Amino acid sequence: MTEPAAADLAPHDLAGRLLLAMPGMMDPRFDHAVLALCLHDANGALGIGLGEERAGIRFHGLLEDVGIDPGHAPDVPVLHGGPMETGRGFVLHTPDWGGEGSVTVNPLCTLSASMDVLRAIAEGRGPSRWLVALGYAGWGPGQLEEEMHHHGWHAAEGSPAILFDTPREQRWSATWRAAGIDPAHLAADTGHA
């Protein structure tokens with residue numbers, strides 16, 4: 001029996017879900033990764049990492065680097081959003097703020113990548129809850145579906161509580177538990193018929 005090609009896999013709109021790296025994933029950059037899948041269509045997918053901090057970068061320093069006075073913003077860690085375009089910033093936030101180019105990622109959050117959201121946060125008029133990340137994970141057409149087919153990722157229901165209320169280092173296991181799965185019982189590979 002042959003494996004179906006990526007183009008033969010049924011396309012799914014998984015935007016708004018949390019992607020969980022399966023145990024045994026071959027790419028060590030994504031070991032125990034949890035990503036907010038923000039875009040997913042026929043052209044590919046874009047996810048923002050939620051489980052790892054960028055070493056040596058905090059929010060105040062990021063704001064100062066782009067010429068924004070940190071003002072009222074808390075000096076929180078900046079997340080490592082993924083291995084692509086690691087200097088590009090993204091803010092995942094509650095839908096109580098929106099600006100030009102903001103994208104609604106139901107039911108999870110809103111995604112903004114403009115300087116406007118950074119200024120609004122610094123001035124105390126931004127979204128009530130937010131996370132900031134540098135970089136993203138990206139997939140070309142059919143690539144994510146192919147990786148999911150080969151035991152790379154699991155798409156769990158998206159939850160703002162996991163995003164905004166769960167400590168960073170607990171998001172992977174908390175998302176599995178919210179799906180009714182004990183991550184300690186997951187196998188590092190799948191069987192083949």
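Answer with one residue from 118, 136, 40: the one whose Cα lies farthest towards the positive end of the charge dipole of the chain, charges on Cβ with Lys, Arg +1 and Asp, Glu -1. Of the listed residues, the answer is 118.
The value of relative contact order for the chain, using C-alpha pairs under 8 Å at least six residues apart, is 28 percent.
Extension gain for residue 96 to residue 181 (0.36 nm times residue separation, less C-alpha to C-alpha distance): 27.4 nm. Placing unit charges on the Cβ atoms only, positive for Lys and Arg and negative for Asp and Glu, gives the chain a dipole magnitude near 420 debye about its Cα centre.
Mind listing which GluC sites (Glu not before Pro) in the range 38-127 are in a DSSP loop and have 14 or fewer other Cβ atoms within 10 Å? Walk me through the intermediate numbers first.
Numbers: sites: 52, 53, 64, 85, 100, 123; in loops: 52, 100, 123.
Filter output for the range 38-127: 100, 123.
Which distance in nm do the two modelled labels at residue 31 and residue 129 give, with both placed 7 Å along the Cα-to-Cβ direction? Distance between the two pseudo-spin positions: 3.0 nm. Entry note, the range 81-167: relative contact order of 36 percent, from Cα contacts under 8 Å with a spacing of 6+ residues.
Bear in mind that the values in this text are calculations on the coordinates, not laboratory data. From a predicted model like this one, the values you see are computed outputs, not experimental measurements. Cβ atoms come from the backbone with ideal geometry, glycine included; neighbour counts cover every protein chain shown.
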